[in-house]
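Structure record follows, encoded as structure tokens.
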Amino acid sequence: MELIICRTPEEAAQAAAQFVIDRVNAKPGIILGLPTGGTPLGMYAELAKAVCEKRVDMSKITTFNLDEYCGLPVSDPQSYYTFMNTNFYVPCGLSATQTNIPNGEAADPDAEALAYDNAIRAAGGLDLQVLGIGHNGHIGFNEPGTSPDSRTHAVWLTEQTRQANARFFAGLADVPTRAISMGIGTILEAREILLLANGADKADTLATALRDPVTPDNPASFLQRHPNVTIIADLKAAARL
Ligand code: F6R
């Protein structure tokens, strides 16, 4: 694993964006796996800036998002579709045919999950998967206890994850209880992985994931089994590494 420690979240965002830009410039038709959440916001802003300044051409990329809440219409401000549209698809000028995100409104979430996993395979697999990390070590919405062989599936969110994400909603009661998430097996099949972590509240989880033995109790620890992982962390998140 390669570890890049940046002084601030802003520097980490620039480093993460440059990492992605280098991969897109090397392979314009790259298949990218992408996260939502607070951590990648700075990276998305930097990528949008790079597109405007013509430092990267995103017109041939294809994206697959990690996850989507079940039960929120795409028009809901808290849906991950809206998040991606606002922060990445529109600012980077991506067309609808370039982007994929699980349909959280599917009548049969299990069938939707299977179709999504198959679509990733049909596209040729993920060249680069960008990840954040939850306070309980989740990657995507793969909560502790998830099998490392899991494929894209419908999940129940833990109380801890719902509480962490309540900051984006009017209150905890509004946070959905279910989501569709790429599985750990799906994520680990990506040819390259970039894990982003910022802030003191991620320091213990990140250190446990990277330094302690691999365990389903900390799903991010399965990244130790992947041959091509880079971690970009700010000083606070890296404090216990
Ligand atoms: C988001 C996702 C989650 C987040 C994680 C960290 O698509 O899959 O695993 O990456 O919950 O979220 P933030 O960045 O908000 O701390």
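State which stretch of the chain is the longest one without any exposed trypsin sites (Lys or Arg not before Pro), exposure meaning a DSSP loop state and at most 11 other Cβ atoms within 10 Å. Spell out each step's value before the answer.
Values: sites that count: Arg7, Lys54, Lys60.
Result for the longest clean stretch: 61-241.
What net charge is computed for the residues neighbouring Ile4, neighbours being all others with C-beta under 11 Å from the C-beta of Ile4, Lys and Arg scored +1, Asp and Glu -1?
For residues surrounding Ile4, the net value is -3.
How about the stretch 3-55: which GluC sites (Glu not before Pro) there lie in a loop by DSSP and see at most 11 other Cβ atoms within 10 Å?
Numbers: sites: Glu10, Glu11, Glu46, Glu53; in loops: Glu53.
Filter output for the stretch 3-55: Glu53.
Dividing the alpha-carbon Rg of the stretch 102-241 by 2.2 N^0.38 Å yields what?
Numbers: Rg = 15.1 Å, N = 140, 2.2 N^0.38 = 14.4 Å.
Dividing the Cα radius of gyration by 2.2 N^0.38 Å gives 1.05.
In the neighborhood of Leu188, defined by Cβ-to-Cβ distances under 15 Å, what is the net charge if each Lys or Arg adds +1 and each Asp or Glu adds -1?
Values: positive: Arg121, Arg151, Arg191, Arg225; negative: Asp117, Asp127, Asp149, Glu189, Glu192.
Summing Lys and Arg as +1 and Asp and Glu as -1 gives -1.
Could you please rank Leu157, Leu94, Leu3, Leu194, placing first whichever residue has the fewest other Cβ atoms within 10 Å of its Cβ?
Leu3, Leu94, Leu157, Leu194
Ordered by residue, what ³J(HN,Hα) values in Hz, to whole numbers, does the stretch 160-169 give under the Karplus form 6.51 cos²θ - 1.76 cosθ + 1.60, where θ = phi - 60° and Gly and Pro are x?
Values per residue, Gly and Pro as x: 4, 5, 5, 5, 4, 8, 4, 4, 8, 10 Hz.
Amide H of Arg178 versus every other amide H placed in the peptide plane: which residues, excluding those fewer than 5 positions away on the same chain, fall under 5 Å?
Excluding prolines and chain starts, which carry no amide H, the hits are Cys70, Leu157.
Sequence neighbours fewer than 8 away in the same chain don't count; with that in mind, list the lysines whose C-alpha is under 18 Å from Lys236.
Straight-line reach from Lys236, under 18 Å: Lys202.
If you take the beta carbon distance between Val214 and Arg191 as r and set R0 to 22 Å, what does 1/(1 + (r/R0)^6) give as a FRET efficiency, to the nearest 0.05? Could the numbers behind the result be given before it?
Working: r = 20 Å, r/R0 = 0.92.
So the FRET efficiency works out to roughly 0.60.
Counting alpha carbon pairs within less than 8 Å and at least 6 residues apart, what relative contact order, in whole percent, applies to the chain? Present the calculation step by step, with values, prior to reporting the outcome.
On the way: 502 pairs, mean separation 59.7, N = 241.
Once normalised by length, the contact order is 25 percent.
Based on the Cβ-Cβ distance of Asp22 and Thr97, what FRET efficiency does E = 1/(1 + (r/R0)^6) give at R0 = 22 Å, to the nearest 0.05? The partial results should precede the final answer.
Numbers: r = 25 Å, r/R0 = 1.12.
Here the calculated transfer efficiency is 0.35.
Rounded to the nearest 500, what is the 222 nm mean residue ellipticity of the chain from helices alone, with -39500 (n - 2.57) per DSSP H run of 4+ residues and division by all residues? All intermediate terms of the calculation are to be shown ahead of the outcome.
On the way: 7 runs with 70 residues, N = 241.
So the calculated ellipticity at 222 nm is -8500 deg cm²/dmol.
Just to verify a number: FRET efficiency for Leu3 and Asp108, C-beta to C-beta distance, R0 = 45 Å, to 0.05?
Values: r = 41 Å, r/R0 = 0.91.
For R0 = 45 Å, the calculated efficiency reads 0.65.
Could you work out, for the chain, what percent of all Cα-Cα pairs fall into each 5 Å distance bin, beginning at 0 Å and stopping at the bin that holds the largest distance?
Calculated over all Cα pairs of the chain, the distribution is 1, 7, 14, 20, 21, 19, 12, 5, 1, 0 percent.
Which percent, nearest 5, of DSSP beta bridges in the stretch 85-205 are antiparallel?
On the way: 5 of 9 bridges.
Antiparallel: roughly 55 percent of the beta bridges in the stretch 85-205.
Can you work out ³J(HN,Hα) from phi for every residue in the stretch 225-234, in order, using Karplus 6.51 cos²θ - 1.76 cosθ + 1.60 and θ = phi - 60°, giving whole Hz and x for Gly and Pro?
Calculated HN-Hα couplings, in order: 7, 8, x, 9, 10, 10, 10, 10, 10, 7 Hz.
Tell me, Asp76, Asp117, Asp57 in order of fewest to most beta-carbon neighbours within 10 Å?
Details: Asp76 17, Asp117 21, Asp57 13.
So the ranking, lowest neighbour count to highest, is Asp57, Asp76, Asp117.
Read the figures in this text as sums done on the coordinates, not as results from a lab. Worth saying up front: this structure is predicted, and the values here are computed from it rather than measured. Because the Cβ atoms are built from the backbone with ideal geometry, glycine has one as well, and the counts that use them run over all protein chains shown.
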